[in-house]
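Engineer: My questions all concern the structure below.
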Amino acid sequence: MLTFLFIFIIIMYLFIIGWLSYGFDKVDDFKLQDLPPKTKFSVIVPFRNEAKNLPELLDSISKLNYPKSMFEIILVDDDSEDGSASIIDRLIKDKSVDFGQLDILVIKNERASNSPKKDAITSAIKVSKFNWIVTTDADCILPKFWLDTFDESIQLKSSNCIVAPVTYHGKQSFLNRFQTLDFLSLQGATIGSFGIEKPLMCNGANFAYRKSLFVSVNGFEGNDTIASGDDVFLLEKFIKQDAKKVHYLKSNNAIVTTNPAKNSKNLIQQRLRWASKTRHNTYWFTKVVGLVVLLGNLVCLGLIPALYFNVTTLNVAIALFIIKWSIDFLLLFKTTRFFKQEILLFSYVFSSLLYPIFNVSIALLSFFKSYEWKGRRFAK
């Protein structure tokens, strides 16, 4: 009986990941056409204790190709304790970074809920000048044609909301390769879900939407008691408002890169934070995918005791593992190729052996353990 249950779960896993892999190819690559820029953007960057990362972010902002008169930067200081704001002030005043005529505004976060980041975004939107909001994070590096790509997508697709790609940069230690493969699997699933018209996720490090739409859905109202989720809960609201105007921007020119977690402790805290918002997600397809992925990884762990107690045969165990391994590899192959990070696949074999333990552990810990984020502790 247990063997048949294992087989059923892996078949479901094969179907779900295979469907997402199919959807990945259904999202067309977006190519720049050198259209005259028309869209004005308010770029919002919440930050807390990001003194080390802000110079790189600001340098990448200064190198954006988009006309400086057509976008503004709003940096929101969320009670930083490391002199982040003074670093921004120094970079602007001593002209060590050339911003030209770009409008850069630094404001204080106005706390009103249990979610500092949502409060920061809301604070910035209140003072923003333009209708298109783009959010990113302080530890990100922005590509040169970032806003050009958003602009042309808006012109050609009449979007209300745009989800765009994110990946990690940094040293190629095994920990970084492991978490980058994990992160890319989420990116691949995100792209694939748009291809099958069932959007699952987005990432606030590269997320754009109309301010008028944000206002019409009452912003973060209804989920502001949850510390994280400044991206996925908004996405849910936007889809309910008008799913046909929510698009994925599959373009290499739009890829934002960010820092991986520095160590295993930070990685666990980050994944616990992500898991904490998953169970508050109301979209049935997200819950189904999350459950099937968890069960698929549980099967991988369960095969060892099942073999030991002669509940299943070695041939069945090997077949089930290979099926899961292969369909995961297919989606990761497509994703790493898009992000031009195929070299990470050399770490896939070992990472795939560790991943079921990591995935199941995070899922279980998320029910009992609180998490830390930017020096603050939040309930599960």
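Engineer: Among [x] 46, 24, 18; [y] 37, 22, 20; [z] 31, 28, 21, which is the computed semi-axes √(5λ) of the Cα gyration tensor in Å?
Structural biologist: [y]
Engineer: Can you tell which of Asp25, Asp34, Asp77 shows the greatest fluctuation in a Gaussian network model of the chain with Cα springs below 10 Å?
Structural biologist: Top of the fluctuation ranking is Asp34.
Engineer: State, as an integer percentage, the relative contact order of segment 168-327 based on alpha-carbon contacts under 8 Å between residues 6 or more apart.
Structural biologist: Details: 80 pairs, mean separation 40.1, N = 160.
Normalised by residue count, the contact order of segment 168-327 is 25 percent.
Engineer: Turning to a different aspect of this structure: With a 1.4 Å probe and every protein chain kept in, tell me what percent of the accessible surface of segment 318-376 is carbon plus sulfur. Present the calculation step by step, with values, prior to reporting the outcome.
Structural biologist: On the way: 2440 of 3200 Å².
Reported share for carbon and sulfur atoms: 76 percent.
Engineer: Among Asn49, Leu64, Ile107, which residue has its Cα furthest toward the positive end of the charge dipole of segment 1-115, with +1 on Lys/Arg Cβ and -1 on Asp/Glu Cβ?
Structural biologist: Leu64
Engineer: I want to verify a result. In a Gaussian network model of the chain, Cα cutoff 10 Å, which of these has the top mean-square fluctuation: Val299, Val45, Val127?
Structural biologist: In the Gaussian network model the winner is Val127.
Engineer: Looking at segment 16-90, which trypsin sites (Lys or Arg not before Pro) are DSSP coil and have at most 11 other C-beta atoms within 10 Å of their C-beta? If you can, show how the numbers build up before the last one.
Structural biologist: Working: sites: Lys26, Lys31, Lys38, Lys40, Arg48, Lys52, Lys63, Lys68, Arg90; in loops: Lys31, Lys38, Lys40, Arg48, Lys52, Lys63.
Those satisfying the criteria are Lys31, Lys38.
Engineer: Of all the accessible heavy-atom surface of segment 224-285, with the other protein chains kept in place and a 1.4 Å probe, what percent is carbon and sulfur? Provide the component values of the computation, followed by the final result.
Structural biologist: Numbers: 1400 of 2660 Å².
The C+S portion of the solvent-accessible surface of segment 224-285 is 53 percent.
Engineer: Let me ask another. In nm, to one decimal, how far is the modelled label at Asp28 from the one at Lys93, with both set 7 Å along Cα→Cβ?
Structural biologist: 5.1 nm
Engineer: Averaged per residue, what accessible area in Å² does the chain show with a 1.4 Å probe, protein chains only?
Structural biologist: Working: 17440 Å² over 380 residues.
Per-residue accessible area for the chain comes out at 46 Å².
Engineer: Any idea what the relative contact order of segment 180-264 is, in percent, if you count C-alpha pairs under 8 Å spaced at least 6 apart?
Structural biologist: Details: 37 pairs, mean separation 25.8, N = 85.
After rounding, I find 30 percent.
Engineer: Further, regarding this structure: Counting only protein heavy atoms, what percent of the accessible surface of segment 82-220 is carbon or sulfur at a 1.4 Å probe? Write out the running numbers ahead of the final one.
Structural biologist: Values: 2730 of 5210 Å².
Ligands and nucleic acids excluded, carbon and sulfur give 52 percent.
Engineer: Moving on. Taking Cα centroids, how far is segment 303-380 from segment 140-219 in Å?
Structural biologist: Here the two parts' Cα centres lie 23 Å apart.
Engineer: Within the chain, what is the longest stretch that has no chymotrypsin sites (Phe, Trp or Tyr not before Pro) placed in a DSSP loop and near at most 13 other beta-carbon atoms within 10 Å?
Structural biologist: 1-308
Engineer: Got a sec? Which residues in segment 151-167 would a label at Val215 touch, if it sits 7 Å along Cα→Cβ and we count backbone N under 18 Å?
Structural biologist: Only 160-161 pass the distance filter.
Engineer: Still on this structure, please answer the following. Across all directions of projection, what mean area in square nanometres is found for the Cα convex hull of segment 164-261? Could you put the intermediate results ahead of the total?
Structural biologist: Working: hull surface 27.7 nm².
Mean orientational projected area (segment 164-261, Cα hull): 6.9 nm².
Engineer: Kirkwood-based Rg over Rh for segment 4-131 (C-alpha set), two decimals? Show your work: numbers first, answer last.
Structural biologist: Values: Rg = 20.9 Å, Rh = 17.9 Å.
So for segment 4-131, dividing Rg by the Kirkwood Rh gives 1.17.
Engineer: Tell me the mean residue ellipticity at 222 nm calculated for the chain from its helices only (DSSP H runs of n ≥ 4, each -39500 (n - 2.57), averaged over every residue, nearest 500). If you can, show how the numbers build up before the last one.
Structural biologist: Working: 12 runs with 191 residues, N = 380.
When only DSSP H runs of four or more count, the value is -16500 deg cm²/dmol.
Engineer: Calculate, for Asp59 and Trp284, the FRET efficiency according to 1/(1 + (r/R0)^6) with r their C-beta to C-beta distance and R0 56 Å; round to the nearest 0.05. Walk me through the numbers before you get to the answer.
Structural biologist: Values: r = 43 Å, r/R0 = 0.77.
The calculated FRET efficiency here is 0.85.
Engineer: If you look for lysine pairs in segment 51-165 that are eight or more places apart or on different chains, how many of them have Cα atoms under 13 Å apart? Walk me through the numbers on the way to the answer.
Structural biologist: On the way: Lys63/Lys144; Lys68/Lys144; Lys108/Lys117; Lys108/Lys126; Lys118/Lys126.
Count of close lysine pairs: 5.
Engineer: Something else: Starting from the Cα-Cα distance between Ile343 and Asn315, subtract it from 0.36 nm times their residue separation and give me the gain in nm to one decimal. Mind showing how you got there, number by number?
Structural biologist: On the way: separation 28, 0.36 × 28 = 10.08 nm, distance 3.11 nm.
Stretched out fully, the Ile343 to Asn315 stretch lengthens by 7.0 nm.
The values are calculated or read from the model by the stated rules, or taken from the named source; none is laboratory data. Just so you know, these numbers come straight off a predicted model, no measurement behind them. Heads up, the Cβs are rebuilt from the backbone with ideal geometry, glycines too, and the neighbour counts pull from every protein chain shown. For the accessible areas, the whole protein counts, side chains as well, though only heavy atoms, and no ligand, DNA or RNA atoms are used. Shrake-Rupley method; radii C 1.70, N 1.55, O 1.52, S 1.80 Å.
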